[in-house]
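What follows is a short report on a single structure.
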Amino acid sequence: MIRDTCAGCGSMELFRFLELGSSPLADNFISDPAAVEPMYDLSLLVCEMCYLVQLEEVVPDEELFNKDYTFYSSTSEPIRKYHKDYAAELLTQFEQGQRLTVEIASNDGSLLKHFHTNGWKSLGIDPAGGPSDAARELGLDIITAPFNAALATDVRDDYGHAGLIIANNVLAHVTDPLDFLAGVERLLAPDGVAVIEVQNLDSLLVGNMFDHVYHEHRFYYSTASLLDMLNRVGLDMVDIRYTEPQGGSIRVVAAKNVPHPVRVNQGAWLQQTSTYESFQGRVNYVRNHLLRLIYEGRFRKIAGYGATAKSTTLLNFCDLDESVIDYVVDTTPAKVGKFTPGTHIPIISPEQEQEQGYPDAYLLLAWNYLGPILRKSDLTQQSSTRWIVPIPMPVIL
Ligand code: JHZ
């Protein structure tokens, strides 16, 4: 589907400001390197009425989040820690007792399991089959389906209202965010709270994070556009804060009938077309500079570090395939033995890498974990291995 109206306000004043060409599905790591994968256009639009940023080509859910979906939250150490701390905070902040806690996009249960083990009545909802099965193996109650307003009615009828709803990194992924949020409003108890976290558009623009743009991410929110969407379905902001994931995220607490809701004074720069117009030039500059560093570095062997979803955009946009990058190392069992989408670079495990020897340079595809990865590598890698960090501006460390 090609988007021609804004999913937030319905306007047709959509301005295309980023064109990354065509790209395969970011999390569709393939088993056969000879396979010809479907490619889809990757372009971003900004609504000139409400400034919601959205993807132009919308790929159906069944193609994006099927049984082969390979993103498992708990395979990444920093995510496991983030979820543990996140849960600990919510468990102390909210006294839910026996009321229902629902996590939308519960993936393999790495966050929800903390509520379950603390005796909270909990339910996960996620469209991806593999991660849902992994969550069930932890004893969690999971519905495998995309969340929307119709499903919210069924869940409310079967389980009752939720005291706490957590929607972590999912509002970017949905087909219809207003319908999704209407579902949150419907399922939430009158005095319940919803905790919603999304990647922050401000950080994306300021930090040249064009690789966050892929087909799973259909929407990109600023604090103002997120507040606007919440208000449209009758939810208010009770709290807002900036968090670390994905190079910078926004976490809001939303509720119904809030006497003194949080107001947002978004910087005017996000509400002018010129901000968006200048992005493509910076993205092209990042690509050209990165390629210069890679080719002029004359490295004997370059490996990718982290078979991230965003690496699919980066590698395809920069035309970096197996002729330049020998392999990508990743900790996710579901990705090891497969090949990167579009660029067909083999993915190996850290154990396999340890056996075969380290490269002289890594292209850091999981640049959002720069600190933890460098600290971890100090303990294992040869000290001569260099790091090519692509975002926000390519550098060699
Ligand atoms: P990470 C995913 O994006 C996909 P990705 C999704 N679409 C989304 O929205 C965001 O998360 C939030 C590997 N890794 O978290 C493990 C190592 O191998 O940046 C994972 O394959 N070694 C749902 O994929 C991948 O990186 C390491 O030391 O861009 C996770 O990457 C570390 C730290 C990670 O998300």
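Relative to the compact-globule estimate of 2.2 N^0.38 Å, the Cα radius of gyration of segment 40-85 comes out at 1.70. Between segment 1-58 and segment 318-397, the C-alpha centres lie 27 angstrom from each other.
What pairs in Lys84/Lys113; Lys81/Lys338; Lys67/Lys335; Lys84/Lys121; Lys84/Lys338 have C-alpha atoms more than 21 Å from each other? Pairs exceeding the cut-off: Lys81/Lys338; Lys84/Lys338. Here segment 173-327 is described by how far its Cα atoms reach on the three principal axes: 62, 32, 24 Å, from widest to narrowest. Computed over Cα pairs, the Kirkwood radius of segment 1-147 leads via Stokes-Einstein (1.567 mPa s, 4 °C) to a diffusion coefficient of 73 µm² per second. Restriction of the trypsin sites (Lys or Arg not before Pro) in segment 211-311 to DSSP coil positions whose beta-carbon has at most 14 other beta-carbons within 10 angstrom yields Arg263, Arg298, Arg300, Lys301.
Between Ala255, Ala162, Ala268, the GNM of the chain built on Cα springs shorter than 10 angstrom shows Ala268 fluctuating the most. Among the cysteines of the chain, those whose beta-carbon sits 4.7 Å or more from every other cysteine beta-carbon are Cys318.
With a Förster radius of 35 Å applied to the C-beta separation of Glu296 and Lys81, the computed FRET efficiency comes to 0.40. Each semi-axis of the equivalent ellipsoid for segment 145-201 is √(5λ) with λ an eigenvalue of the Cα gyration tensor; in descending order they amount to 19, 13, 8 Å. Equivalent-ellipsoid semi-axes for segment 1-56 (Cα gyration tensor, √(5λ), whole Å, largest first): 30, 10, 8.
Within the chain, the ratio Rg/Rh, alpha carbon atoms throughout and Rh by Kirkwood, equals 0.96. Built from the Cα atoms of segment 239-397, the convex hull projects on average onto 12.6 nm², one quarter of its surface area. Using a ≥ b ≥ c from the Cα gyration tensor of segment 112-259 (square roots of the eigenvalues), is it rounded, prolate or oblate, where a/c under 1.5 gives rounded and otherwise the larger of a/b and b/c decides, a/b for prolate? Oblate is the answer for segment 112-259, as a/c is 1.5 or above yet b/c matches or exceeds a/b. Between Val395 and Asp321, the distance separating the two model label sites (each 7 Å from Cα on the Cα→Cβ line) works out to 3.3 nm. To the nearest 10 degrees, how steeply does helix 177-187 sit against the main Cα axis of the chain, on a 0 to 90 scale? Once rounded, one gets 40 degrees. The angle between the Cα long axis of helix 370-380 and the longest principal axis of the Cα atoms of the chain comes to about 50 degrees, rounded to the nearest 10. Between helix 279-296 and the chain there is an angle of about 30 degrees, using the helix long axis and the longest principal axis of the Cα atoms. For segment 253-306, would you read off the P(r) tail past 16 Å as a percentage of all alpha carbon pairs? In whole percent, the share of Cα-Cα pairs in segment 253-306 beyond 16 Å is 70. When the GluC sites (Glu not before Pro) in segment 25-109 are filtered for DSSP coil states and for at most 15 other beta-carbon atoms within 10 Å of their beta-carbon, the remaining sites are Glu95.
Any read-out appearing in this document is the output of simple, stated calculations on the displayed coordinates, not a laboratory observation. Remember, predicted model here, so these are calculated numbers, not experimental data. Neighbour counts are summed over all protein chains in view; Cβ atoms, including those assigned to glycine, are modelled from backbone coordinates with ideal geometry.
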